Every structure is written in structure tokens, then in C-alpha cells.
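The values are calculated or read from the model by the stated rules, or taken from the named source; none is laboratory data. Predicted model only: the values in this text are computed from it and were never measured. Cβ atoms come from the backbone with ideal geometry, glycine included; neighbour counts cover every protein chain shown. Ligands, DNA and RNA are excluded from the accessible area calculation, which covers all protein heavy atoms including side chains. Shrake-Rupley method; radii C 1.70, N 1.55, O 1.52, S 1.80 Å.
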Amino acid sequence: MRLSTVEDTRAFGERLAAVLRAGDLVILSGPLGAGKTALAQGIGAGLGVAEPVTSPTFVIARVHHSGRVPLVHVDAYRLGAVADPRAEVDDLDLDASVDESVTVVEWGEGMVEQLADAHLEVRLDRREDDSREVELRGSGGDWERRVAGL
Ligand SMILES: Nc1ncnc2c1ncn2[C@@H]1O[C@H](COP(=O)(O)OP(=O)(O)O)[C@@H](O)[C@H]1O
Ligand SMILES: [Mg+2]
């Protein structure tokens, strides 16, 4: 799917949020500037998060409690390559448990392959005309069915 503007990226995140539920792991992959944070902002808006969702680049993770389900927003670049980001995030002792939250991890490049648990990968790539190409890859669970209509 082609996303022409940052507004399209946010709108896509809002549509995606509609199929998300507690315990989900969503990996946003793609190079720096691909639009991962913009997509996370759309997911936050779709979940009803009231405060701004900003890049977690200088912290490992942020939790937003104001939506219909807690949103844990992680920068995996600082987390490193791990088999299950949710286990690492639980160890951070955040004010949220990943089983009760939607966990969205930015910067999945090079680490997506080794993910053990069911997850959705959302791959973003920047085209020459500055639009973004988005590709969904569900792995395990019922992801294929859940994202089929997006
Ligand atoms: N579909 C799009 N078309 C054009 N620009 C976009 C699109 N999606 C995001 N952007 C822009 O790309 C820049 C980088 O986005 P950001 O979400 O910070 O990327 P990342 O988190 O992947 O590094 C921002 O200026 C954002 O507005
Ligand atoms: Mg970012």
C-alpha cells in the first residue's frame, strides 16, 4: 500500500489500532525517517491516547495510559536485538504489563527475524517521490485474518 503523506501514515495507524488488543506485539521496521513514529502516533490516536506520542529515542520505552488499552511504545534501537521485546519491556518495570498492553516497537531492522512470539511486522520504506510503501507481515496467532481488511 502507498502512503502519500504523513497524514496518510497517521490515518493508516488509526485503522490498524482498531484491530489491536491487549497482549499484541507490533514491530515497526524500516530505516530512520521511514515514518515509524508517525505510524505510532496514528496507532495512539486510534487507541484514544490523549497526550502526544513522541519518539522514544532518548528513553527505551514510554507508556500511555489514556487510551482504551495501555500503549507501550519502545525504541528497539536502544533495547538491542532480543528474542522477545515484551519480556525485556516487562523487565524495565514500567507502570504497565505487556499482557495488558499493546506493545509497539520501532526499529525492527535486523531483529525481526529472531522474534519468537506471534507479532505483526509493519515495514515502512521511503520512495524517491517521498511517499512511503507499507507492507504488513503477520507472524503466528491470527494476524493474517485480523489485518486482511486493512
Ligand atoms: N507517508 C509519508 N509521506 C511523506 N512524509 C512522511 C510520511 N510518513 C512520515 N513522513 C515524514 O517522515 C519524517 C520522519 O518520520 P518519523 O515518523 O520520525 O520516522 P522514523 O520514526 O521512522 O525515524 C517526518 O517528517 C514525517 O512527517
Ligand atoms: Mg522514530
Review point. Ordered by residue, what ³J(HN,Hα) values in Hz, to whole numbers, does the range 19-34 give under the Karplus form 6.51 cos²θ - 1.76 cosθ + 1.60, where θ = phi - 60° and Gly and Pro are x?
Key: 9, 8, 8, 3, x, 6, 10, 10, 9, 9, 10, x, x, 3, x, 6
Study note, to complete from the structure: Of all DSSP beta bridges with both partners in the chain, the antiparallel percent, nearest 5, is 50
Study note, to complete from the structure: Counting only protein heavy atoms and rolling a 1.4 Å probe, one gets per residue an accessible area for the chain in Å² of 47
Point to revise | Protection proxy ranking of 124-131, 50-57 - average other beta-carbon atoms within 10 Å, highest first | key: 50-57, 124-131
**Study point:** Vicinal HN-Hα couplings computed from phi for the range 8-17 (Karplus, 6.51 cos²θ - 1.76 cosθ + 1.60; Hz; Gly/Pro x)
**Key:** 5, 5, 5, 5, 5, x, 5, 5, 4, 4
Check your understanding: For ILE43, what accessible area in Å² do you get when you roll a 1.4 Å probe over the heavy atoms of the protein chains, rounding to the nearest 10?
Key -> 0
Point to revise | Extension gain (nm, one decimal) between ASP125 and VAL63, 0.36 nm per residue minus Cα-Cα | key: 19.7 nm
Check your understanding: In terms of the Cα gyration tensor, with a ≥ b ≥ c the square roots of its eigenvalues, is the range 11-150 rounded because a/c is under 1.5, prolate because a/b exceeds b/c, or oblate?
Key -> rounded
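Using a 1.4 Å probe on the protein chains only, how many percent of the accessible area of the chain belongs to carbon and sulfur?
Values: 3370 of 7120 Å².
Summing carbon and sulfur atoms, their accessible area is 47 percent of the total for the chain.
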Exercise for review: With θ set to phi - 60°, apply the Karplus curve 6.51 cos²θ - 1.76 cosθ + 1.60 along the range 40-48 and write out the HN-Hα couplings as whole Hz, x wherever there is a Gly or Pro.
Suggested key: 4, 5, x, 4, x, 4, x, 7, x
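Counting only helical runs of four or more DSSP H residues, what would the 222 nm mean residue ellipticity of the chain come to if each run contributes -39,500 (n - 2.57) and the total is spread over all its residues? The partial results should precede the final answer.
Details: 5 runs with 40 residues, N = 150.
Computed mean residue ellipticity for the chain: -7000 deg cm²/dmol.
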**Study point:** Alpha-carbon centroids, the range 107-150 and the range 31-105: separation in whole Å
**Key:** 16
Check your understanding: What accessible surface, in Å², does a 1.4 Å probe find on TRP107, ignoring ligands, DNA and RNA and rounding to the nearest 10?
Key -> 60
Review point. Heavy-atom accessible area of ARG146 with all protein chains present, probe 1.4 Å, nearest 10 Å²?
Key: 30
